[in-house]
Structure formats: structure tokens, C-alpha cells
1. In segment 17-33, what count of residues is obtained for those that are more than 21 Å from residue 118 (Cβ to Cβ) and touching a residue at least 24 places away in the same chain (Cβ under 8 Å)?
2. Output the residues belonging to segment 43-59 that are more than 16 Å from the ligand (Cβ to nearest atom), in contact (Cβ under 8 Å) with a residue 12 or more places away in the chain and not in a strand (DSSP E or B).
3. Collect the residues in segment 130-150 that are closer than 24 Å to residue 58 by Cβ, touching a strand residue (DSSP E or B) at 6+ places or on another chain (Cβ under 9 Å) and not in a strand (DSSP E or B), keeping them in residue-number order.
4. Would you point out the residue of segment 236-256, among those that are surrounded by 14 or more Cβ atoms within 10 Å (Cβ to Cβ) and farther than 30 Å from residue 204 by Cα, that is modelled with the lowest pLDDT?
5. Looking only at segment 71-101, count how many residues are assigned to a helix (DSSP H, G or I), out of contact with any strand residue (DSSP E or B) (no Cβ under 9 Å at 6 or more places or on another chain) and more than 15 Å from the ligand (Cβ to nearest atom).
6. So which residues in segment 5-42 are under 11 Å from residue 77 (Cα atoms) and part of a strand (DSSP E or B), if there are any at all?
7. Can you tell me which of 217, 213, 237 is more than 16 Å from the ligand (Cβ to nearest atom) and either under 18 Å from residue 125 (Cβ atoms) or out of contact with any strand residue (DSSP E or B) (no Cβ under 8 Å at 6 or more places or on another chain) (or both)?
8. Name every residue in segment 183-212 that is within 21 Å of the chain's Cα centre (by Cα), over 20 Å from residue 157 (Cβ atoms) and buried (at least 16 other Cβ atoms within 10 Å of the Cβ), in order of residue number.
Ligand code: SAH
């Protein structure tokens with residue numbers, strides 16, 4: 001008997017930001033599979049078995065989830081934010097591609113969630129009003145040269161750049177390097193957002209200039225989303241309150257600069 005597998009986005013933290021469809025998938029699940037802190041966010045109830053695992057074992061975790069579904073269970077694999085953004089959905093499909101042919105008969109659904117950059121943008125104003133991109137700064141799954149090549153291309157194209165996985169104990173210097181690279185291409189007064197733990201009780205949003213951000217790189221952590229403004233990204237002051245950050249929807253000039261100079 002084949003069960004089913006739903007890959008569920010839990011959003012950035014608060015239960016208000018879980019979609020009704022994601023909640024419905026959690027409500028009918030017999031098994032919850034995921035990284036410990038995300039599994040902990042699903043309340044216990046009769047008939048629900050939780051399978052929490054460590055970080056960095058995504059494909060093993062995904063194979064386990066597929067196996068449970070193949071045995072007839074109704075499985076929910078949980079991710080923070082959106083499960084398709086640097087998260088478990090790709091790990092499930094990686095396990096499916098390499099795994100038992102029988103697993104391909106399992107009905108698999110992806111339930112989207114609010115990804116960190118959208119939550120951070122909503123808190124700040126409208127920094128993603130123009131074109132933007134997302135880059136994971138982690139070089140666990142790709143060489144650092146690939147990260148810098150993509151960063152340079154994004155800087156040259158004047159995208160707003162959202163950096164996921166900016167820094168960790170094992171990767172202490174990468175964010176500093178990325179911001180230094182940005183400072184070679186963008187003006188020092190460009191707004192940079194350090195959005196930490198958005199949607200959680202310890203949420204903290206800091207709006208810095210690029211110059212300040214370079215100096216403050218080591219104050220970010222793994223719960224931080226870093227957003228580097230484009231050349232048109234600006235602030236709207238409002239007295240003692242934190243300013244709004246926004247990027248206009250229209251672009252009138254081509255301000256592309258590279259680390260080699262203006263193009
Ligand atoms: N699937 C997740 C991203 C996983 S990668 C999503 O869609 O949001 C993990 C990175 O996401 C973290 O290092 C951090 O950069 C970012 N992140 C996740 N949750 C966050 C939150 N609540 N606030 C700020 N950044 C967050």
C-alpha cells in the first residue's frame with residue numbers, strides 16, 4: 001500500500017505565516033520528518049510520529065521519508081520558510097532520482113511557504129520592488145568560486161541581492177568577503193538589511209549602509225537574511241521610527257558597475 005509525501009513549508013517562524021494548505025497537510029500526517037527545530041514546531045498529537053534528524057543529512061532524511069511513504073504512511077517533510085528554497089524539496093527529488101524505482105509511484109506534493117527574503121522584505125517596506133536574486137553563501141554544496149562568480153554577475157546586473165546562509169561557525173569569513181566585493185561595485189551608502197529571526201520572538205531588523213555592513217559582517221548569524229540594495233534602493237525616513245526601505249519598480253538608467261569599474 002502506497003502512502004503519500006507532502007513537503008511542507010512552515011514559513012519563517014510564526015504560526016500566522018503557515019498557509020492553510022500547509023496546515024492541512026500537517027493535520028493529516030501520520031509522520032513528520034525534518035531537522036529537529038522544524039519538527040519541534042509541529043505540536044504533538046495522538047497518532048503522530050515525529051522523526052527529527054540533524055542538519056546536513058538532508059538526502060538520508062529524504063530517503064527515510066520516501067521509505068515511510070512507500071510503506072503506506074502519510075508523511076509530511078517539514079522545512080522552514082519555503083521548502084523549495086535552499087531546503088528539503090530538492091533533497092527529496094535528489095533522493096527520488098537516485099532511489100528505488102518504486103518510490104516514483106508515491107504521490108508527492110509541495111506546499112509552499114513564505115521564504116525568509118519575502119518575510120524580511122515585508123518587515124522593511126518594499127526592497128524587492130525591482131529585480132532581485134537569491135544566493136546561498138554556503139560553500140558546503142558548491143565551490144566558493146561559484147559563489148563569487150554569481151555574486152559578481154548579480155552585482156554587475158544591479159540586482160537587489162538576498163544572501164541566505166550568510167555565516168556559520170564553520171564558515172566565518174564568507175559574508176565579510178561578499179560584502180567587500182559588493183562595496184567595490186556599489187556605493188557605500190547603499191542600504192543593507194540584516195534581518196534576523198524574522199517572525200520569531202527574537203526578531204531583529206537592522207538597516208545599515210554597505211560601509212557599516214562590511215564592518216558588522218560578524219554580527220550576522222545563521223538566522224540572518226542579508227539583503228544588499230541595488231543602486232536605486234533607498235530609505236524613507238519617518239522620525240524616530242525605523243525608515244522604510246524600498247526599491248522603485250521602474251529603472252531609468254543602466255548603472256551597472258563591476259569590480260573592474262563602470263561598464
Ligand atoms: N527554506 C528556507 C531557507 C533555508 S536556508 C526559507 O525559504 O526561508 C537557511 C537560511 O535562511 C538562514 O541561514 C537564513 O539566511 C535564512 N532564514 C531562514 N529563516 C529565517 C528567518 N526567520 N529570518 C531570517 N532569515 C531566515
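1. So the answer is 6.
2. If the condition is that a residue be more than 16 Å from the ligand (Cβ to nearest atom), in contact (Cβ under 8 Å) with a residue 12 or more places away in the chain and not in a strand (DSSP E or B), then 47, 48 are the ones that fit.
3. Selection gives 137, 138, 139, 140, 142, 147, 150.
4. 255
5. So the answer is 5.
6. 5, 6, 7, 8, 9, 31, 32, 33, 34, 35
7. Being more than 16 Å from the ligand (Cβ to nearest atom) and either under 18 Å from residue 125 (Cβ atoms) or out of contact with any strand residue (DSSP E or B) (no Cβ under 8 Å at 6 or more places or on another chain) (or both) holds for just one of 217, 213, 237, which is 237.
8. 194, 195, 196, 197, 198, 199, 203, 205, 206, 207, 208
The values are calculated or read from the model by the stated rules, or taken from the named source; none is laboratory data. Source: prediction; values computed, not measured. Neighbour counts are summed over all protein chains in view; Cβ atoms, including those assigned to glycine, are modelled from backbone coordinates with ideal geometry.
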